[in-house]
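Q: I have a structure here, written as structure tokens, and I will follow up with some questions on it.
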Amino acid sequence: MDTNKYNDSIFADDDRVDGLAKVTGKAKFSAEFKPAGLTYGVFVCSTIAKGAIKQMDIQDAKKAPGVLDIIYYLNCPEVPGFKPADRTKNPNARDFTGLKVFHNNMVVSNGQPIALVVADTFERAVHAASLVKVDYIKENAETDFDKNKFNDKLLKPRPDYLRKEKDAWKNAEVSLEEEYTIPIETHNPMEMHGTIAVWEGEKLTVYDKSQGPKGVQGELARLFALDEKNVKVITEFVGGAFGSALRSWPHVHAAVIAAKKLNLPVKVTLNREQMFTMVGYRPQCWQKVGIGASKDGKLTGIAHHAISNTSSYEDFSEGISSVSQYLYDCPNVFTTYKLLPLDVNTPTWMRGPGPASGCFGLESALDELSYKLNIDPIELRIINNAELHPHSKLPWTTKFLKECYALGKEKIGWSKRPTVPGSLKEDGMLVGYGMAVGVFGAGRSAATAKGILKMDGSLLLQSAVSDMGPGTTTAMVKIGSEQMGLEEKKVRFELGDTDFPTGPTQGGSGSATAVGSAVIAVCDAMKQSLKEMAIENIAAFKALKADDIKYENGKLIAANNTASIHFMDLLKEAGKPELQVSKNSTGFAQRDKYATNSFSVHFVKLHVHPVTGVIKLKHIVSAADAGKIISEKTARSQMVGGAVGGIGMAMTEETLLDHRYGRYINSNFVDYHVPVHADVPPMDIVFTNQPDYIISPTGAKGIGEIALVGVAPAILNAVYNATGKRVRDLPVTPDKLI
Ligand code: MOS
């Protein structure tokens, strides 16, 4: 099997530029910095889900060795940004909507941070935190999604969507209506969240695990009423985040508050249990999909309804049912989406937010329909392929979804798929094949980068972004190297520091196009400056215009080949040790002309034990239309990682609440099952590798989300193919199959 495709490709030397630092421990993650005088903050967390703190007894804890302070609602300094925004100066100023840590005695979720014990060592802080005694006034908490999902407290985060008829699917020749559910899935990146805050007068420096250092800088400036210039955020390395670090959470604010109050650097790190209660999760959701088609497979109507949970204090929404509006060509579409507030912590974006959940509903329903129609599920999707965006009627910038079907179908061996479920056995195991489509928005946001080209032939690039693992650093080095015709080892990309030029928060699969476009803009501007420098400083170029000079592999060459000079010599001749250029690349401005998406198709072959219901994945093939592949190895790793996330979603991950206490009961790695190596089968990743130069000059479209979106339904569809049992409640554990 072609599982190491990149090894023998032209990308043989395609290692991550920061790979060695990461695997040897040289890479410094946010919690690993140690400013002088560092102290350690450890949370005391609520043990009820709703109510108020009647009394907090901190006397014993205060006397414990090494304790410097205990911050809670009675002694917490005011945070200016927690107050309602002053709209007299800025009419658009928004109120802070997150948890106002330590600012009142209210308890809004179990595991909520209610005090921070700061001590001279971490262990002493942990011990002292255990000595804090809390008396509560308890109120009845509602944490049960299933019981409450149709109650009268539902919120409507967006209007219903209707294209022509609501009920067209009901009148179709062939139709079905089914419900699909997804439990809470908790963010479990390898690196847990951590923040170190250091104040020097009015200057604040924060080492923070973040997907967007500039975003954290802006938020902390607002919250603590500081000039942005006085807030520096450092995020050199991130050990995975998947969306959990798209915003800053209470521990970030707590660290900043404590460091200010104590006038000492304070570090707050979350343990695994706290990861379940403080940094968001994929919300629980219920979906109902009604879908109808003519006998020849043409879709006539879809009705897609979704409800997901949020917290009582914040509305988090992600357009779960929206995928049905545009993934297939269908004349009649009705989608609704509602939110159920519960007495839990706020959910957040998790890899593929929206479509990851929505495609489970839609792509399962489509598979069910294919059996009713007796049409191959790939064929059914091709029949309903949307040539134009079904709502806007705009063309896609690029769309190579059909190519993905063809590439993946071949690799998985689709011709061996049994058309009758449960009819094929291998070594005594039931065999199933399944597939499903993934989709996510693509685009290009604004970004700025700086380039420093040096006399020694090296190029340094900088942007204040973060790389949570997709390989942004590597990709930017590749783009810089290609643009300037330099060896990769001569190019460096620095990120994770708000002193660098502004870059976007890493999310929505947008870093390659946004930051890459800024890097290209920098390189273009550098080449132009070099040409002008040659005209000004080098006799042989004096009579030329910039347009008469080519830039090739570091050399400036007169178009008529009369003269050439390497930029290293040019910088020497011109007496300039380096050339510095900063450039901004704007956001995608053609939304009125084009639809923009990345697409993927995931194929699964699996075995199911006929007696125990244990599933063994045998092979996954993911085919992606993600535009141009900039770094094949990191792109492949993204796809593999996304599929592993999808395996978790399909088969193992489920955050459970004990509704009597409103408390998570499996908030640890023993009871919360993320896929391990043994769960992950051999994988083939195939890319259409068709550049999309309309979205951006990088040609890329984005990979991060489509790597996961569609994987879970592909697995569930394969389970049905193997067993004839349709499981509509994730995860598909063996008990659901026997
Ligand atoms: Mo991703 S959910 O955009 O970090």
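The values are calculated or read from the model by the stated rules, or taken from the named source; none is laboratory data. This one's a predicted model, so the numbers in the text were calculated from it and none came from an experiment. Note: ideal-geometry Cβ built from the backbone for every residue, glycine included; neighbour counts use all protein chains shown. Each accessible area value is taken on the protein alone, full model and side chains, heavy atoms only, with ligands, DNA and RNA left out. Shrake-Rupley method; radii C 1.70, N 1.55, O 1.52, S 1.80 Å.
Q: If you scan the range 671-701, which residues turn out to be within 30 Å of Phe588 (Cα to Cα), crowded, with 19+ Cβ neighbours inside 10 Å and among the hydroxyl-bearing types (Ser, Thr, Tyr)?
A: Across the range 671-701, the qualifying residues are Thr688, Ser696, Thr698.
Q: Of the residues in the range 19-35, how many are in contact with a strand residue (DSSP E or B) (Cβ under 7 Å, 6 or more places away or on another chain) and either in a loop (DSSP other than H, G, I, E, B) or of a type in the set (Val, Ile, Thr) (or both)?
A: The qualifying residues number 4.
Q: Can you give me the number of residues within the range 224-256 that are more than 16 Å from the ligand (Cβ to nearest atom), in contact with a Lys or Arg (Cβ under 6 Å, 6 or more places away or on another chain) and assigned to a loop (DSSP other than H, G, I, E, B)?
A: 1
Q: Would you confirm whether any residue within the range 481-492 is in a helix (DSSP H, G or I) and open to solvent by less than 10 Å² (accessible area, probe 1.4 Å)? It would help to see each step written out before you state the result.
A: Our first condition is that a residue be in a helix (DSSP H, G or I); within the range 481-492, this holds for 481-484, 488-490.
Right, trim to open to solvent by less than 10 Å² (accessible area, probe 1.4 Å) and you get 484.
The answer is yes; a qualifying residue exists.
Q: Just name the residue that is farthest from the ligand (Cβ to nearest atom) out of those in the range 333-362 that are among the hydroxyl-bearing types (Ser, Thr, Tyr) and surrounded by fewer than 23 Cβ atoms within 10 Å (Cβ to Cβ).
A: Within the range 333-362, the subset among the hydroxyl-bearing types (Ser, Thr, Tyr) is 335-337, 346, 348, 357.
Pick out the ones that are also surrounded by fewer than 23 Cβ atoms within 10 Å (Cβ to Cβ) and you get 336, 348.
Numbers: Thr336: 23, Thr348: 8 Å.
Result: Thr336.
Q: Residue check, Phe500 against (1) more than 16 Å from the ligand (Cβ to nearest atom); (2) in a helix (DSSP H, G or I); (3) in contact with a strand residue (DSSP E or B) (Cβ under 8 Å, 6 or more places away or on another chain), all met but one. Which one?
A: Only one criterion in (1) more than 16 Å from the ligand (Cβ to nearest atom); (2) in a helix (DSSP H, G or I); (3) in contact with a strand residue (DSSP E or B) (Cβ under 8 Å, 6 or more places away or on another chain) is unmet by Phe500, namely (2).
Condition check ((1) out of contact with any His (no Cβ under 6 Å at 6 or more places or on another chain); (2) surrounded by 24 or more Cβ atoms within 10 Å (Cβ to Cβ); (3) farther than 20 Å from Glu705 by Cα; (4) without any contact (Cβ under 8 Å) to a residue 40 or more places away in the chain) across all residues:
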| position | (1), (2), (3), (4) |
| --- | --- |
| Thr586 | yes, no, yes, no |
| Ala589 | yes, no, yes, yes |
| Phe599 | yes, yes, no, no |
| His607 | yes, no, yes, no |
| Pro610 | yes, no, yes, no |
| Ala635 | yes, yes, no, no |
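Q: Here is a follow-up. Can you name the residue in the range 445-461 that is surrounded by fewer than 24 Cβ atoms within 10 Å (Cβ to Cβ) and part of a strand (DSSP E or B) and, of all such residues, is nearest to the ligand (Cβ to nearest atom)? Give the derivation first.
A: Applying the first criterion (surrounded by fewer than 24 Cβ atoms within 10 Å (Cβ to Cβ)) to the range 445-461 yields 445-446, 448, 450, 452, 454-458, 460.
Narrowing the set further to residues that are part of a strand (DSSP E or B) leaves 448, 450, 452, 454, 460.
Numbers: Thr448: 20, Lys450: 25, Ile452: 29, Lys454: 34, Leu460: 27 Å.
Within the range 445-461, the match that is nearest to the ligand (Cβ to nearest atom) is Thr448.
Q: Further question: Can you tell me which residues in the range 282-312 are open to solvent by 20 Å² or more (accessible area, probe 1.4 Å) and within 28 Å of Pro731 (Cα to Cα)?
A: Result: Gln284, Lys288, His305, Ser312.
Q: Which of the residues spanning the range 546-570 are within 22 Å of Gln483 (Cβ to Cβ) and open to solvent by 40 Å² or more (accessible area, probe 1.4 Å)?
A: If the condition is that a residue be within 22 Å of Gln483 (Cβ to Cβ) and open to solvent by 40 Å² or more (accessible area, probe 1.4 Å), then Asp547, Asp548, Lys550, Glu552, Asn553, Lys555, Ala559, Ser564, His566, Met568, Asp569 are the ones that fit.
Q: Condition test on Pro421, is it at pLDDT 95 or above, touching a His at 6+ places or on another chain (Cβ under 8 Å) and open to solvent by 20 Å² or more (accessible area, probe 1.4 Å)?
A: Numbers: at pLDDT 95 or above: yes; touching a His at 6+ places or on another chain (Cβ under 8 Å): no; open to solvent by 20 Å² or more (accessible area, probe 1.4 Å): yes.
Here the answer is no, as Pro421 does not meet what is asked.
Q: Has the range 612-624 got at least one residue that is touching a His at 6+ places or on another chain (Cβ under 7 Å), open to solvent by 10 Å² or more (accessible area, probe 1.4 Å) and part of a loop (DSSP other than H, G, I, E, B)?
A: Looking for residues that are touching a His at 6+ places or on another chain (Cβ under 7 Å), open to solvent by 10 Å² or more (accessible area, probe 1.4 Å) and part of a loop (DSSP other than H, G, I, E, B), one finds none in the range 612-624, hence no.
Q: Of the numbered conditions (1) touching a strand residue (DSSP E or B) at 6+ places or on another chain (Cβ under 9 Å); (2) within 30 Å of Ala624 (Cα to Cα), Glu488 satisfies every one except a single condition; which is it?
A: If we test Glu488 against (1) touching a strand residue (DSSP E or B) at 6+ places or on another chain (Cβ under 9 Å); (2) within 30 Å of Ala624 (Cα to Cα), just (1) comes out false.
Q: Could you tell me whether the range 68-90 includes any residue that is open to solvent by 60 Å² or more (accessible area, probe 1.4 Å), acidic (Asp, Glu) and touching a Gly at 6+ places or on another chain (Cβ under 9 Å)?
A: No: the range 68-90 contains no residue that is open to solvent by 60 Å² or more (accessible area, probe 1.4 Å), acidic (Asp, Glu) and touching a Gly at 6+ places or on another chain (Cβ under 9 Å).
Q: Consider the range 40-67. How many of its residues are in contact with a Phe, Trp or Tyr (Cβ under 8 Å, 6 or more places away or on another chain) and of a type in the set (D, E, K, R)?
A: Count: 1.
Q: Name the residues in the range 693-707 that are polar (S, T, N, Q) and within 12 Å of the ligand (Cβ to nearest atom), would you? Quick ask: steps written out before the conclusion?
A: Going residue by residue through the range 693-707, those that are polar (S, T, N, Q) are 696, 698.
Scanning the range 693-707 gives no hits.
Q: Also: Please list, ordered by first then second residue, the pairs with beta carbon atoms under 6 Å, 6 or more apart or interchain, first in the range 550-573 and closer than 14 Å to Lys527 by Cα, second among the hydroxyl-bearing types (Ser, Thr, Tyr) and open to solvent by 10 Å² or more (accessible area, probe 1.4 Å).
A: Lys555/Ser564; Ile557/Ser564
Q: Here's another thing I want to ask about it. Looking at (1) under 23 Å from Lys555 (Cα atoms); (2) open to solvent by less than 30 Å² (accessible area, probe 1.4 Å), which is the one condition that is false for Thr473?
A: (1)
Q: Name the single residue, out of those in the range 193-212 being within 16 Å of the ligand (Cβ to nearest atom) and in contact with a helix residue (DSSP H, G or I) (Cβ under 8 Å, 6 or more places away or on another chain), that is nearest to Met278 (Cα to Cα). Spell out the reasoning first.
A: Of the range 193-212, the ones within 16 Å of the ligand (Cβ to nearest atom) are 193, 208-212.
This time we only want the ones that are in contact with a helix residue (DSSP H, G or I) (Cβ under 8 Å, 6 or more places away or on another chain), so: 193, 208-210.
Details: His193: 9, Asp208: 15, Lys209: 14, Ser210: 14 Å.
Filtering the range 193-212 for residues that are within 16 Å of the ligand (Cβ to nearest atom) and in contact with a helix residue (DSSP H, G or I) (Cβ under 8 Å, 6 or more places away or on another chain), the one nearest to Met278 (Cα to Cα) comes out as His193.
Q: Got at least one residue in the range 267-281 being at pLDDT 95 or above, under 23 Å from Gly648 (Cβ atoms) and of a type in the set (Asp, Glu)?
A: First, pick out the residues of the range 267-281 that are at pLDDT 95 or above: 267-281.
Then keep just the ones that are under 23 Å from Gly648 (Cβ atoms); that gives 270-281.
In the following step, the residues that additionally are of a type in the set (Asp, Glu) were identified as 273.
Among the residues of the range 267-281, at least one is at pLDDT 95 or above, under 23 Å from Gly648 (Cβ atoms) and of a type in the set (Asp, Glu), which makes the answer yes.
Q: Quick check: is even one residue across the range 515-524 surrounded by fewer than 18 Cβ atoms within 10 Å (Cβ to Cβ) and either closer than 30 Å to Pro395 by Cα or touching a residue at least 24 places away in the same chain (Cβ under 8 Å) (or both)? Please lay out each step first, then the result.
A: Step one: filter the range 515-524 for residues surrounded by fewer than 18 Cβ atoms within 10 Å (Cβ to Cβ), giving 524.
Cutting the leftovers down to either closer than 30 Å to Pro395 by Cα or touching a residue at least 24 places away in the same chain (Cβ under 8 Å) (or both) gives us 524.
Yes, that holds for at least one residue.
Q: A further question follows. Which of (1) among the β-branched types (Val, Ile, Thr); (2) within 14 Å of the ligand (Cβ to nearest atom); (3) surrounded by fewer than 24 Cβ atoms within 10 Å (Cβ to Cβ) is the odd one out, the single condition Val279 does not satisfy?
A: Unmet condition: (3).
Q: Kindly list the number of the only condition in (1) within 14 Å of the ligand (Cβ to nearest atom); (2) surrounded by fewer than 24 Cβ atoms within 10 Å (Cβ to Cβ); (3) at pLDDT 95 or above that fails for Gly319.
A: Exception for Gly319: condition (3).
Q: Let me ask you something else. Looking at Ala512 and the list (1) more than 23 Å from Gln638 (Cβ to Cβ); (2) open to solvent by 20 Å² or more (accessible area, probe 1.4 Å); (3) of a type in the set (A, V, I, L, M), which single condition is not satisfied?
A: The single condition Ala512 does not satisfy is (1).
Q: Determine if the range 199-208 includes at least one residue that is over 29 Å from the mean Cα position of the chain (by Cα), crowded, with 17+ Cβ neighbours inside 10 Å, aliphatic (A, V, I, L, M) and part of a strand (DSSP E or B). Quick ask: steps written out before the conclusion?
A: Narrowing the range 199-208 to residues over 29 Å from the mean Cα position of the chain (by Cα): 199-203.
Filter once more, so that each one left must be crowded, with 17+ Cβ neighbours inside 10 Å: 199.
Restricting the remaining residues to those that are aliphatic (A, V, I, L, M) gives none.
The answer is no, given that none of the residues of the range 199-208 is over 29 Å from the mean Cα position of the chain (by Cα), crowded, with 17+ Cβ neighbours inside 10 Å, aliphatic (A, V, I, L, M) and part of a strand (DSSP E or B).
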